[in-house]
């Protein structure tokens, strides 16, 4: 056997067990895998936490939260906030998107044209149900990636 030659037999560690011979998996152990129901509960908890974080951000910025998770047939408004200013009131309709990682894309990318249309229709229904609200309407998207909050004012 000279320099640079390959051995005929594959290298095997001398062991009585199979610990060194099993395949490496990049997934979590089977003891930590979640059932579909547990994954749904975890997603809902993340969404609720992200909405709470976004609502606190808007309150610290001087907005008053008017509604949270307002439902109608056409969709849901996560947060509706209003801020009175010298030029008039600003009504911010906020869509919150939360992701643990960006493996499936940015949370901002999840607000598609179809979602924007649903938000506009739901906002029209919300404002028709609340006649006392007057002001400029603005659509914001809040993305929570991990624990980082990013706000896109006037998103569409």
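The values are calculated or read from the model by the stated rules, or taken from the named source; none is laboratory data. As the structure is a prediction and not an experimental result, all values here were calculated from the model. Cβ placement follows ideal geometry from the backbone for every residue including glycine, while neighbour counts extend to all protein chains displayed.
Output the number of residues of region 138-150 satisfying the condition of being surrounded by fewer than 16 Cβ atoms within 10 Å (Cβ to Cβ) and either outside any strand (DSSP E or B) or touching a strand residue (DSSP E or B) at 6+ places or on another chain (Cβ under 8 Å) (or both). Step through it out loud before you land on a result.
Restricting attention to region 138-150, the residues satisfying the condition of being surrounded by fewer than 16 Cβ atoms within 10 Å (Cβ to Cβ) are 146-148, 150.
When the remaining residues are screened for being either outside any strand (DSSP E or B) or touching a strand residue (DSSP E or B) at 6+ places or on another chain (Cβ under 8 Å) (or both), the result is 146-147, 150.
The qualifying residues number 3.
List, please: which pairs have Cβ atoms under 6 Å, are six or more places apart or on different chains, and start with a residue in region 99-111 that is at positive phi and surrounded by 12 or more Cβ atoms within 10 Å (Cβ to Cβ) and end with one that is modelled with pLDDT under 90 and in a helix (DSSP H, G or I)?
That search, which allows pairs on different chains as well, returns nothing.
Among the residues of region 64-98 satisfying the criterion of being assigned to a loop (DSSP other than H, G, I, E, B) and touching a helix residue (DSSP H, G or I) at 6+ places or on another chain (Cβ under 9 Å), which is surrounded by the fewest Cβ atoms within 10 Å (Cβ to Cβ)? Break it down stepwise before answering.
So in region 64-98, the residues assigned to a loop (DSSP other than H, G, I, E, B) come out as 73-74, 86-87.
Those left that are additionally touching a helix residue (DSSP H, G or I) at 6+ places or on another chain (Cβ under 9 Å): 73-74.
On the way: 73: 7, 74: 14.
Step by step, filter region 64-98, then rank; the result is 73.
Could you tell me which numbered condition residue 54 fails, if it satisfies all but one of (1) loosely packed, with under 15 Cβ neighbours inside 10 Å; (2) out of contact with any helix residue (DSSP H, G or I) (no Cβ under 9 Å at 6 or more places or on another chain)?
Checking residue 54 against (1) loosely packed, with under 15 Cβ neighbours inside 10 Å; (2) out of contact with any helix residue (DSSP H, G or I) (no Cβ under 9 Å at 6 or more places or on another chain), the one that fails is (1).
Here is a list of conditions, (1) in contact with a strand residue (DSSP E or B) (Cβ under 6 Å, 6 or more places away or on another chain); (2) under 19 Å from residue 43 (Cα atoms); (3) surrounded by fewer than 15 Cβ atoms within 10 Å (Cβ to Cβ), and residue 153 meets all of them except one; can you say which number that is?
Only one criterion is unmet by residue 153, namely (2).
Exactly one condition in (1) under 17 Å from residue 151 (Cα atoms); (2) out of contact with any strand residue (DSSP E or B) (no Cβ under 6 Å at 6 or more places or on another chain); (3) modelled with pLDDT under 95 is false for residue 59; which is it?
(3)
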